[in-house]
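> Please read through the structure below; I'll follow up with questions.
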Amino acid sequence: MKSTHPEAWRSAALDRASHVRRWAFVAVLGALSSVSGCAGLEPQAAPASAAQALAQEVQSNYGIVIEGLRLTSAGSMLDFRYRVLDPVRAAPLLNGKVQLYLLDELRGAKLGVPDTPVLGRIRQTARNNKIIENRTYFVMFGNPGKAARSGDRLTLLLGEAKITDLTVQ
């Protein structure tokens, strides 16, 4: 049963009004912060020409765009991600018979793809030789002893071919 007491009605109206004012304040604050955040942005400097040259070389030779090489699993693994632009040129990366390694020339470490008893090798391969364009694929590399660290430059070895200067993020 609703209260018909004038004080209860006035209290409910005040609660609604304060609720509306609170949400309006939050909306205005959010709009101001997004606008002020955009005003303070400076144009990003163009990436170094060496990095651009490497990206162009990888794209033209292997048909991929490297999306990142990141430490994962508390630093005990490296997650290499790449997007396929040309399935024909990217085929060696997705061939399960080709061994992939990361080489840390500074420390002399050669990091391979772990082969677990249950999962097998922790990398994606082309199923039925079907490689999908614009899909992101991954390869997980073991990092025993946490040999590779953030900021290190590594080389990806794919059989006889190699991609140099991959920076660990």
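> So how many Å³ per residue does the convex hull of the Cα atoms of the range 55-169 work out to? Write down the numbers at each step before the final one.
Values: hull volume 11.8 nm³, N = 115.
Cα-based convex hull of the range 55-169, divided per residue, equals 102 Å³.
> Here's a follow-up. Which distance in nm do the two modelled labels at residue 70 and residue 107 give, with both placed 7 Å along the Cα-to-Cβ direction?
2.0
> What ranking do 93-102, 78-87, 144-153 get when scored by the average of other Cβ atoms within 10 Å per residue, highest first?
Descending packing order for the listed peptides: 78-87, 93-102, 144-153.
> Please give me the summed charge of the neighbours of residue 103: other residues whose Cβ is under 9 Å from its Cβ, Lys and Arg +1, Asp and Glu -1.
Around residue 103, the charge tally is 0.
Read the figures in this text as sums done on the coordinates, not as results from a lab. Remember, predicted model here, so these are calculated numbers, not experimental data. All Cβ positions, even for glycine, are placed from backbone atoms using ideal geometry, and neighbour counts span all protein chains on display.
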